[in-house]
1. Quick one: how many residues across the stretch 80-102 are surrounded by 10 or more Cβ atoms within 10 Å (Cβ to Cβ), more than 29 Å from I9 (Cα to Cα) and acidic (D, E)?
2. Name the residue, out of R2, R48, that is charged (D, E, K, R) and either at pLDDT 95 or above or closer than 12 Å to G71 by Cα (or both).
3. May I ask you to list the residues in the stretch 22-50 that are surrounded by fewer than 20 Cβ atoms within 10 Å (Cβ to Cβ) and touching a residue at least 40 places away in the same chain (Cβ under 8 Å)?
4. Could you list all residues from the stretch 57-90 that are among the hydrophobic types (A, V, I, L, M, F, W, C) and either modelled with pLDDT under 90 or under 20 Å from the mean Cα position of the chain (by Cα) (or both)?
Amino acid sequence: MRHGAPAVIRMVEALASASEPLSVSGLAEAIGVDQPRASRLVQQGVDRGWVRREADPDDARRTRIAITDDGARLFRGVRGERREALGRALAAFTEEESAELARLLTKLAENWTA
């Protein structure tokens, strides 16, 4: 991946999608890694300027992780690249194939359990 390791990108995406900064454990849960791995990813994100640590206003002993402006720009760029790639792939589908794909994806989504 052009911007960095996929796990770091997942971290940035999770923070961009969150309504507020996350704790390291909350971030770990959001991206499906253990807490030590999340801590290492946070440090990589801090080193690249994509995330920052901040004090938790509810508990001064805890730290929350927030996305930076550079991280938000990265997220928008990655999302745009994915949209373009998907658009190129879907351009090869016929109208009937597109309709069938939509039907199958809807069925998958309706039956998806996390």
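The values are calculated or read from the model by the stated rules, or taken from the named source; none is laboratory data. Keep in mind that what you see is a predicted model, and the values were worked out from it rather than measured. Here the Cβ is made from the backbone with ideal geometry for all residues, glycine too, and neighbour counts use every protein chain on show.
1. Within the stretch 80-102, residues that are surrounded by 10 or more Cβ atoms within 10 Å (Cβ to Cβ), more than 29 Å from I9 (Cα to Cα) and acidic (D, E) number 2.
2. Every option except R48 fails the conditions.
3. Hits for the stretch 22-50 are S23, V24, Q44, R48.
4. Taking the stretch 57-90 and keeping what is among the hydrophobic types (A, V, I, L, M, F, W, C), we get 60, 65-67, 72, 74-75, 78, 85-86, 89-90.
Scanning the stretch 57-90 gives A60, I65, A66, I67, A72, L74, F75, V78, A85, L86.
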